[in-house]
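One structure is given here, and the rest of the page talks about it.
Laboratory data are not the source of any read-out in this text; all were calculated from the coordinates shown. All figures in this text were calculated on a predicted structure; none of them were measured in a lab.
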């Protein structure tokens, strides 16, 4: 039986660059997705993504500080297979009816030079909150010409979670793994 998981989202997690003062950014939903990967009995890897991600980021590059508040719509899970999506949304796994969102909140950014290296925060999923550290695989800010030169910051982030910490143990008795890899593709647009 297939068994993936998520997160949030962490989510999403974080980015952006600024000037000497903290700047506010809004997550761009057209360039932001939270995806997951989970082993399927050593034969293949199940993957899916959450299509609805929203949130805000406050970022100060000079001070090397930031805040993140990202929410993922659990029912927006998309594996490309409607029946599998429904199973993941059920009370056996994500329980989207009872817990419609996952949320990642952070006030701790770690840097390597001028780049965000990792973001430490709290992930709320299935009604439980636990700490996670999201690592930046890449990070950059640029002037987006499609947005009249407005600054956009983003990156690829990832972390692994033990889903049992959030109370998800479906399929473990059949050998399903408890570790889920979460990958976040995120971009955020600086407020005017």
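When a/c is below 1.5 the answer is rounded, else prolate if a/b is larger than b/c, else oblate, so apply that to the range 114-192 with a ≥ b ≥ c taken from the square roots of the Cα gyration tensor eigenvalues.
The shape class here is prolate.
What full-extension length gain, to one decimal in nm, is calculated for residue 31 and residue 51 as 0.36 nm per residue of separation minus the Cα-Cα distance?
Once the chain is fully extended between residue 31 and residue 51, it gains 6.2 nm.
Can you give the percent of C-alpha pairs in the range 23-190 whose distance is more than 28 Å?
Tail of P(r) above 28 Å: 24 percent of Cα pairs.
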